[in-house]
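What follows is calculated from the coordinates using simple rules that are stated; it is not laboratory data. Because the structure is a prediction, the values reported are computed rather than measured. Here Cβ is always computed from backbone atoms with ideal geometry, including for glycine, and neighbour counts include all displayed protein chains.
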Amino acid sequence: MSSPPSAKSILHLYAQTLRTAKSFSSYNFREYFIRRTKSTFKEIQGEKDPARVSALYSEAARDLTSLKRSAIVNQLYGGWTLAVEKQKLQRERSDN
């Protein structure tokens, strides 16, 4: 039986997964994966059984590799920005 992952490694995996989720260009995918990441790691944090923590951690690591591939494809074929997304401020240049 392997030892459960340390709190530091779980936090590192959480940060990587959250960073990858935020890299989606599509608003709907981005928001969905951010919510899913937070709920997955809350479940890992609340778990007391070391075997279950190890299983959840390995599943989250597998999901991260899939998420990275999906984010790359989404960035390549991203669509238009939606009205609900925060718009970037465009500064007007003065001729003075």
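Can you tell me which residue in the range 10-29 is surrounded by the most Cβ atoms within 10 Å (Cβ to Cβ), limited to those that are small (Gly, Ala, Ser) and part of a helix (DSSP H, G or I)?
Going residue by residue through the range 10-29, those that are small (Gly, Ala, Ser) are 15, 21, 23, 25-26.
The next check asks that each one be part of a helix (DSSP H, G or I); those that pass are 15, 21.
Values: Ala15: 12, Ala21: 22.
Residue satisfying both the conditions and the ranking: Ala21.
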*Hey, among the residues in the range 30-54 that are among the basic types (Lys, Arg) and in a helix (DSSP H, G or I), which one's nearest to Ser70 (Cα to Cα)?*
Arg30
_Under 7 Å between Cβ atoms, which residue pairs at least 6 apart in sequence (or on different chains) link something in the range 1-20 that is under 26 Å from Glu31 (Cβ atoms) and in contact (Cβ under 8 Å) with a residue 40 or more places away in the chain with a partner that is small (Gly, Ala, Ser) and surrounded by 13 or more Cβ atoms within 10 Å (Cβ to Cβ)?_
Leu13/Ala60; Leu13/Ala61; Thr17/Ala60; Thr20/Ala71
*Considering only residues that are closer than 23 Å to Gln45 by Cα and out of contact with any helix residue (DSSP H, G or I) (no Cβ under 9 Å at 6 or more places or on another chain), look in the range 55-88 and name the one that is surrounded by the most Cβ atoms within 10 Å (Cβ to Cβ).*
Ala55
*asked:* Return the pair list, or none, for Cβ contacts closer than 7 Å from residues in the range 69-84 that are under 18 Å from Arg19 (Cβ atoms) to residues that are among the hydrophobic types (A, V, I, L, M, F, W, C) and part of a loop (DSSP other than H, G, I, E, B), at least 6 apart or on different chains.
replied: Ala71/Phe24; Asn74/Phe24
